[in-house]
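For reference, the structure is listed below as structure tokens.
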Amino acid sequence: MASERDLTEQQRQEILQRLPSDALRAKALAIASGAAARAPRSAESIEDSAALDIAKVAPPLAVAAGSSHEQRSAERVMLGLLGERLGTVLSPRRLTHASGAYVEVDGASPDLRVLVECWAHQGSAKVAQKYKLVNDATKLAWIAKSLEPSPERLILCVSDQLAVAHLRGRSWQGAAIRDLGVEIEVVDLPVELIETILSAQKRQYR
């Protein structure tokens, strides 16, 4: 960061997000800023010094065990695939309820006719995870009631049939989701992205 003067703010943030905590990110930023502000030195010297200092506190590419970066990236791909299927563009959106409370939805069409929550999980859902989709469905149904006109479709988007297998048959959770007017759509992700998610789940013990 100290030697690359042309980095955009987004690129700087992406580099910092590789560190596992806010404290380490702040320290790394201070190190890089201090190196850049010191007396003129060669780019190689600055880069080596900053890299050594950061290495003392964490590996440059360290990822926190519980980080869900891979899933968030996959969910953006899922929104794109679902949007193509529906013939619309789906983007993250903050929606405010009449009560003043607000929710963040993973995806919404420009006209708010479609609201989506994504879950980039591979494999069967564990016990605690089985309630996530019910919670997401409740959120969609609740905020939809405050919108005029009402959304035409409320969708839970997943990337694996196994992740929603517990909602089939006589499951009360599946029945509750259907009664809320929320449907489930499954999109197929590229093999490489599925492997990335599986690797992340293994790291996260999910």
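For the stretch 74-92, name all the residues that are exposed (fewer than 15 other Cβ atoms within 10 Å of the Cβ) and in contact (Cβ under 8 Å) with a residue 60 or more places away in the chain.
ARG85
Could you tell me which numbered condition ARG153 fails, if it satisfies all but one of (1) farther than 20 Å from GLU70 by Cβ; (2) modelled with pLDDT under 95; (3) surrounded by 14 or more Cβ atoms within 10 Å (Cβ to Cβ)?
(2)
Residue check: is LYS132 modelled with pLDDT of 95 or more, out of contact with any helix residue (DSSP H, G or I) (no Cβ under 6 Å at 6 or more places or on another chain) and assigned to a helix (DSSP H, G or I)?
For LYS132, the condition - modelled with pLDDT of 95 or more, out of contact with any helix residue (DSSP H, G or I) (no Cβ under 6 Å at 6 or more places or on another chain) and assigned to a helix (DSSP H, G or I) - is not met.
Spot the failing condition for ALA98; the list is (1) open to solvent by 70 Å² or more (accessible area, probe 1.4 Å); (2) at positive phi, and only one is missed.
The one condition ALA98 does not meet is (2).
Using the structure shown, decide if GLU84 is of a type in the set (Asp, Glu), touching a helix residue (DSSP H, G or I) at 6+ places or on another chain (Cβ under 6 Å) and not in a loop (DSSP other than H, G, I, E, B).
Criteria not met by GLU84.
Inspect all residues belonging to the stretch 129-148 and state whether any of them is at negative phi, free of Cβ contacts under 8 Å to residues at least 12 places away in the same chain and open to solvent by less than 30 Å² (accessible area, probe 1.4 Å).
No, there is no match, as no residue in the stretch 129-148 is at negative phi, free of Cβ contacts under 8 Å to residues at least 12 places away in the same chain and open to solvent by less than 30 Å² (accessible area, probe 1.4 Å).
Go through the stretch 149-177 and report how many residues are touching a helix residue (DSSP H, G or I) at 6+ places or on another chain (Cβ under 9 Å), of a type outside the set (A, V, I, L, M) and either touching a residue at least 12 places away in the same chain (Cβ under 8 Å) or closer than 16 Å to GLU117 by Cα (or both).
Final tally of qualifying residues: 8.
Identify, please: which residue in the stretch 55-82 is of a type in the set (A, V, I, L, M) and either within 13 Å of GLN17 (Cβ to Cβ) or within 8 Å of the chain's Cα centre (by Cα) (or both) and is, among those, modelled with the highest pLDDT?
Among residues in the stretch 55-82 that are of a type in the set (A, V, I, L, M) and either within 13 Å of GLN17 (Cβ to Cβ) or within 8 Å of the chain's Cα centre (by Cα) (or both), the one modelled with the highest pLDDT is ALA74.
Tell me, yes or no, whether the stretch 167-178 has at least one residue that is open to solvent by less than 70 Å² (accessible area, probe 1.4 Å), under 20 Å from LEU82 (Cβ atoms) and not in a helix (DSSP H, G or I).
Checked against the condition, which is being open to solvent by less than 70 Å² (accessible area, probe 1.4 Å), under 20 Å from LEU82 (Cβ atoms) and not in a helix (DSSP H, G or I), the stretch 167-178 yields no hits at all.
Condition check: surrounded by fewer than 16 Cβ atoms within 10 Å (Cβ to Cβ) and part of a strand (DSSP E or B). Does PRO110 satisfy that?
no
Look at the stretch 113-124 and say how many of its residues are over 18 Å from SER159 (Cα atoms) and not in a loop (DSSP other than H, G, I, E, B).
Within the stretch 113-124, residues that are over 18 Å from SER159 (Cα atoms) and not in a loop (DSSP other than H, G, I, E, B) number 1.
From LEU140, LEU189, LEU133, grab the single residue that is hydrophobic (A, V, I, L, M, F, W, C) and farther than 22 Å from HIS69 by Cα.
So the residue among LEU140, LEU189, LEU133 that is hydrophobic (A, V, I, L, M, F, W, C) and farther than 22 Å from HIS69 by Cα is LEU140.
Does LEU162 qualify as being in a helix (DSSP H, G or I), more than 21 Å from GLY83 (Cβ to Cβ) and of a type outside the set (D, E, K, R)?
Answer is yes for this residue.
May I ask you to verify whether ALA165 is closer than 18 Å to HIS97 by Cβ and more than 16 Å from the chain's Cα centre (by Cα)?
Against the criterion (closer than 18 Å to HIS97 by Cβ and more than 16 Å from the chain's Cα centre (by Cα)), ALA165 does not qualify.
Can you name the condition, by its number, that TRP142 falls short on among (1) at pLDDT 85 or above; (2) part of a loop (DSSP other than H, G, I, E, B)?
The one condition TRP142 does not meet is (2).
The values are calculated or read from the model by the stated rules, or taken from the named source; none is laboratory data. This one's a predicted model, so the numbers in the text were calculated from it and none came from an experiment. Positions of Cβ are backbone-derived with ideal geometry, glycine not excepted, and every protein chain shown enters the neighbour counts. What goes into the accessible areas is simple: the full protein's heavy atoms, side chains included, and nothing from ligands, DNA or RNA. Shrake-Rupley method; radii C 1.70, N 1.55, O 1.52, S 1.80 Å.
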